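These notes concern the structure reproduced below.
The values are calculated or read from the model by the stated rules, or taken from the named source; none is laboratory data. Because the structure is predicted, anything quoted here is derived from the model rather than measured. Positions of Cβ are backbone-derived with ideal geometry, glycine not excepted, and every protein chain shown enters the neighbour counts. All accessible areas refer to the heavy atoms of the entire protein, side chains included, with ligands and DNA or RNA removed. Shrake-Rupley method; radii C 1.70, N 1.55, O 1.52, S 1.80 Å.
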Amino acid sequence: MTLHPKVAEVLRNAPAPPGGPLDPVAMRAGEEAEVPPVDQRTPVHAVADEFARTAAGEVPVRIYTPDEADAHGLLVYFHGGAFFLGSLETHDHVARSLANETGLEVISVGYRRAPEDTYPAGLQDCYAVVRWAADNGAALAWDGATLAIAGDSSGGNFVAAVAAMACDEGFDRITHQVLYYPSLDLDFDVDRYASLRDNAEGYGLETAGLKPFNAFYLDSGADPADPLVSPIKRADLAGLPPALVVTAEHDPMRDEGELYGRRLAEAGVAATVSRYRGAGHGFVQNFSWIPEFHRVYAETRDFLRSR
């Protein structure tokens with residue numbers, strides 16, 4: 001299937017990126033400028049900005065409560081952005097849709113980003129907030145059942161790494177992991193996966209951009225041979241939480257996500273891999289207004305309720 005026509009139209013009309021080195025400050029400002037004002041966002045019963053006081057320090061979080069129920073399951077969300085972009089604001093609409101569709105209380109994490117903060121600061125923040133959520137269940141009105149983690153792109157990388165850290169430390173409260181088109185292998189050899197060649201150009205994210213976009217993270221001390229940096233390199237995936245791995249047909253990183261899902265299943269983990277036809281990388285953040293892609297939220301809900 002070709003790229004969805006509405007996505008193709010947006011890409012055709014998008015301005016060419018500026019030349020020269022990537023500028024994190026300017027790129028972040030450009031992203032934030034695209035965020036609609038609060039009164040134009042999808043309504044949610046309650047939204048609150050707080051600081052999670054964790055072992056990693058005070059981490060900004062935004063908590064989305066879907067309704068007036070006395071207690072909810074929890075979903076901790078890690079935004080994407082190649083470890084240096086993305087924020088609570090740029091992914092606010094994703095968290096709102098997840099809260100409304102799943103009925104879970106969503107905790108979106110404003111983790112530290114490269115290059116200002118070196119590895120493993122962002123990963124530590126994400127893991128610490130998950131532990132904080134479990135330790136503060138009464139204050140969060142957690143129902144004590146579902147404690148899911150989810151993330152898109154580099155946030156999906158953090159999901160896999162956090163699940164592994166929890167497993168290694170004997171922390172067994174995470175019930176589900178949801179990875180949207182995850183970045184799981186930061187070794188940028190173009191021959192490692194066919195999708196890096198098949199989807200190299202013309203679909204938004206391009207293979208040639210992967211190395212420079214991830215350079216801020218790798219240059220901060222993240223070693224792509226480390227399974228906490230490239231989670232697909234973890235030798236033993238047994239004992240990890242049930243997983244939903246969502247991939248995009250025209251994403252250069254499609255194959256690493258699908259391989260990870262297969263490896264989870266081979267290790268005895270209940271894993272579902274769901275490829276969205278006609279989609280490119282970033283479709284949950286950028287194109288979930290298209291009905292064929294918006295169903296990712298319903299699929300996430302069904303996965304979280306079925307296990």
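Each residue in the stretch 60-87 was checked for being within 30 Å of ASP223 (Cα to Cα) and surrounded by fewer than 21 Cβ atoms within 10 Å (Cβ to Cβ), and 2 of them qualify.
Listed conditions (1) within 30 Å of LEU3 (Cβ to Cβ); (2) out of contact with any Cys (no Cβ under 9 Å at 6 or more places or on another chain) are all met by ILE149, apart from (2). Applying the set (1) closer than 24 Å to HIS93 by Cβ; (2) in contact with a helix residue (DSSP H, G or I) (Cβ under 6 Å, 6 or more places away or on another chain); (3) surrounded by fewer than 20 Cβ atoms within 10 Å (Cβ to Cβ) to PHE158 leaves exactly one unmet item: (3). Looking only at the stretch 251-300, residues that are open to solvent by less than 60 Å² (accessible area, probe 1.4 Å) and farther than 25 Å from CYS167 by Cβ come to 19 in all. Applying the criterion of being of a type outside the set (Gly, Ala, Ser) and in a loop (DSSP other than H, G, I, E, B) to the residues of the stretch 282-307, the residue that is modelled with the lowest pLDDT is ARG307. Of all residues in the stretch 114-129, those satisfying the criterion of being in contact with a helix residue (DSSP H, G or I) (Cβ under 6 Å, 6 or more places away or on another chain), buried (at least 24 other Cβ atoms within 10 Å of the Cβ) and either basic (Lys, Arg) or in a helix (DSSP H, G or I) (or both) are CYS126, TYR127. Restricting attention to the stretch 133-148, which residues are open to solvent by less than 60 Å² (accessible area, probe 1.4 Å) and in a helix (DSSP H, G or I)? Of everything in the stretch 133-148, those that are open to solvent by less than 60 Å² (accessible area, probe 1.4 Å) and in a helix (DSSP H, G or I) turn out to be ALA133, ALA134, GLY137, LEU140. Can you confirm whether ALA279 is closer than 25 Å to PRO115 by Cα, in contact (Cβ under 8 Å) with a residue 24 or more places away in the chain and either part of a strand (DSSP E or B) or not aromatic (Phe, Trp, Tyr) (or both)? Answer is no for this residue.
Yes/no matrix, rows are residues, columns are (1) at positive phi; (2) open to solvent by 70 Å² or more (accessible area, probe 1.4 Å):
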residue: ARG12; (1), (2): no, yes
residue: GLY20; (1), (2): yes, no
residue: ASP23; (1), (2): no, yes
residue: PRO37; (1), (2): no, no
residue: ARG53; (1), (2): no, yes
residue: SER97; (1), (2): no, no
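Within the stretch 92-108, the residues that satisfy the criterion of being within 20 Å of ALA33 (Cα to Cα) and in contact (Cβ under 8 Å) with a residue 40 or more places away in the chain are ASP92, HIS93, VAL94, ARG96, SER108. Just wondering, is there one or more residues in the stretch 85-106 that are in a strand (DSSP E or B) and under 20 Å from the mean Cα position of the chain (by Cα)? Yes, because at least one residue in the stretch 85-106 is in a strand (DSSP E or B) and under 20 Å from the mean Cα position of the chain (by Cα). For HIS45, are the conditions met, namely being surrounded by 12 or more Cβ atoms within 10 Å (Cβ to Cβ), more than 23 Å from HIS176 (Cα to Cα) and in contact with a strand residue (DSSP E or B) (Cβ under 8 Å, 6 or more places away or on another chain)? In short, yes. Screening the stretch 184-242 for residues that are at positive phi and out of contact with any Phe, Trp or Tyr (no Cβ under 6 Å at 6 or more places or on another chain) and picking the one that is surrounded by the most Cβ atoms within 10 Å (Cβ to Cβ) gives GLY204.
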